[in-house]
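Some notes on the structure that comes next.
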Amino acid sequence: MVILCAGLNNRGDKVIVKKNKKIEGVRDVVATMAIEDMYLSKDFVVELIKVAEGEKTSEQLRQEVISRYAG
């Protein structure tokens, strides 16, 4: 579900923002991790967004993380 919102930025320019429920889920994960004092890299957040948008599966991301950090 995509919702368009219009507003003004700090310079007074009109800005249209697409709100996407899948991306909001990623934002919630990032916030929850930060509350626990565990911060995600920008690259990893991009990978989470790819999962949320169906560009890759969570299993693919999991395997990438395992191969990167194990061994």
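I want to confirm something. Restricting to segment 18-30 and keeping residues that are loosely packed, with under 11 Cβ neighbours inside 10 Å and in contact with a strand residue (DSSP E or B) (Cβ under 9 Å, 6 or more places away or on another chain), which single residue is modelled with the lowest pLDDT? Out of the qualifying residues, it is 18.
Hey, can you tell me all the residues within segment 46-71 that are open to solvent by 80 Å² or more (accessible area, probe 1.4 Å) and outside any helix (DSSP H, G or I)? Within segment 46-71, 53, 55, 71 qualify.
Of everything in segment 31-45, what is surrounded by fewer than 11 Cβ atoms within 10 Å (Cβ to Cβ) and assigned to a helix (DSSP H, G or I)? Give them in sequence order. Once the filter is applied, which keeps residues that are surrounded by fewer than 11 Cβ atoms within 10 Å (Cβ to Cβ) and assigned to a helix (DSSP H, G or I), segment 31-45 yields 31, 32, 35, 42, 43.
The values are calculated or read from the model by the stated rules, or taken from the named source; none is laboratory data. Only a predicted model underlies this, so the values are computations on that prediction, with no experimental measurement involved. For neighbour counting, all protein chains shown are included, and Cβ atoms are generated from backbone atoms with ideal geometry for every residue, glycine included. The accessibility values were calculated without ligands, DNA or RNA, using every heavy atom of the protein model including side chains. Shrake-Rupley method; radii C 1.70, N 1.55, O 1.52, S 1.80 Å.
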